[in-house]
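The structure under discussion appears below in the form of C-alpha cells.
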C-alpha cells in the first residue's frame, strides 16, 4: 500500500520498520479528537473560500459518517498508515473519494496532532477535576461524622499530641484542594489552539485561526507557529500536577495500610477494596491502597520520561515527540481510576473510634498539655518543658503515665499544680482546647468543614 506522504520516496520500507515508526497502536485514542479538529478545519476552509461550498459539505458529511462508525466501533486502523491522522485521511478517502485530499489544505500533521492532544487533555483534566471534587466531598462528609473522634497525632511516626480524626482528614482535603486548583489553573495552558500553525511556519492560505479555535471551544490561539507545533509544556504540567496528586494519594494510602494493620486497628476497609491470601486464610490485605501507592511510581516515570524526551529537542517537530502520548494516556487513566477507588475506600471504611481514642490513653501525648498548664500558671515554658521531660522519664521507669501521678507528687514537683490537672490531661480536653485558627479544636474543625462546604 502506498503511503500518503510517499511521493518523494522510491524504495519501500520493511513491515517491521513500519511497525516501529507507527503510533496508531496508541494514538487511536485520539480518533474522536481528530475528527472534531478536522470538522472545525474544514468549516474554516469553507468560510475562508479556500475550498468550495460543495467540497465543504462533502468533506463534512464524510467526517460525520466516520464519527458515527467510530462510535459504533466500526473503524479499522492500519499500521501502514502510521498514525491516527493518516488513517483517518485514508478512511475519509474511502468514504467520499479524492475530494478527501482537500481536507489537509493549510494543515500539517504537526498542528493536527497538537490540536488533538489539547482537545483530549482539556476533556481529561475536566473529568479528573470532577473525580477530585467528589473525593474532597467524601472527605468533608467523613470529617463531619468524626469531629469528636480522638486519635493520636504523629511526628516521626511517634505519638505526638492527640487530635481530632476530622482534623487529620481535613489536612488531606487541603492537599487535594490545592491539587484541584493546580489543575484548574493549568487549563489556561491547555485551552489554546495550535490549529493553523501548519508544519512550523504557518501557511500561505488565507486561513482564520480564530474561527477554527472558536468552533473547537478554545479560549486562545498560539501566537507563534513554531511554539504551537512544538509546545508540550501543557502535557508536562499535567504530568507534574498528576505526580503531586498521586503523592498525596500515596501518603494517605500508606496511612490506611498502617491503620488497617493488627497493631493499629483504627479502620477497616470493606471487602471490595481488599483481597485475601492464597495460603493464609486469616488475611485481609489492603491491596487497592497498596496498588495506588505503587502506581504513583509509574506516574513519576511518565513525567520524567517526557522531560527527558524534550530536554534536547531543537525546534520544531521531531519524531521523538511521538513519545508524548502513551505516558499522558496512562497518567489520565491511572489518576482517574485511583481517585475513584480511593474515594470509595474512604466513603465506606469503618472507623474504630474506641481503638483510636484508646491509643491516646496509654502514652505521653498529653505531655505538652502539662507543660502548657504550667506555663499558664506562670512557670516559664522552658522550665515547664524540663520539668515535664524529667517527669515523663520518671513515669517511664515506673511504668505509669502522667494521668497516674498522684496530686501530692505533682505538687511536690511544682506547687502551682491543682486537681484540675487531671481534666487538662484527658485527650478530649487536650483536643477541645486547641482552638487557635487552623487547630484541632472542635470549634475550629466545624469552621473548617463549613468553609470547605462553601468552597465545594
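Where a number appears in this text, it was derived from the coordinates with a stated rule and is not lab data. From a predicted model like this one, the values you see are computed outputs, not experimental measurements. Virtual Cβ from ideal backbone geometry, glycine too; neighbours counted across all protein chains shown.
Summary table below
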read-out: Rounded tilt (10° steps) of 381-398 against the dominant C-alpha axis of the chain; value: 80
read-out: Span from the the stretch 357-395 Cα centroid across to the the stretch 118-136 one, whole angstrom; value: 47
read-out: Packing rank of 184-194, 79-89, 345-355, where each peptide gets the mean count of other beta carbons within 10 Å, highest leading; value: 79-89, 184-194, 345-355
read-out: Anisotropy class of the chain from Cα gyration tensor, a/c 1.5 cut; value: prolate
read-out: Mean ellipticity per residue at 222 nm, deg cm²/dmol - from DSSP H runs of n ≥ 4 across the chain, formula -39500 (n - 2.57); value: -20000 deg cm²/dmol
read-out: Length-normalised contact order for the stretch 267-372 - Cα pairs under 8 Å, 6+ apart - percent; value: 34
read-out: Enclosed volume per residue, in Å³, of the convex hull spanned by Cα atoms of the stretch 110-357; value: 143
read-out: Highest-first arrangement of 247-255, 70-78, 232-240, where packing means the average Cβ count within 10 Å; value: 232-240, 247-255, 70-78
read-out: Whole-angstrom gap from the stretch 140-191 to the stretch 309-356, using each part's C-alpha centre; value: 20
read-out: For the stretch 54-99: rounded, prolate or oblate by the Cα gyration tensor [a/c cutoff 1.5]; value: oblate
read-out: Cα gyration tensor shape of the stretch 127-204, rounded if a/c is under 1.5, else prolate or oblate by comparing a/b with b/c; value: prolate
read-out: Tilt relative to the chain, helix 165-190 - C-alpha long axis, 0 to 90 degrees, to 10; value: 20
read-out: Length-normalised contact order for the stretch 33-99 - Cα pairs under 8 Å, 6+ apart - percent; value: 35
read-out: Angle between the chain longest axis and helix 53-72 axis [Cα atoms, degrees, rounded to 10]; value: 50
read-out: Dmax and Rg, reported as Rg then Dmax, of the stretch 14-105 (C-alpha, Å); value: 13.6, 43
read-out: Mean Cα-pair separation over length for the chain, i.e. relative contact order, pairs under 8 Å, 6 or more apart, %; value: 17
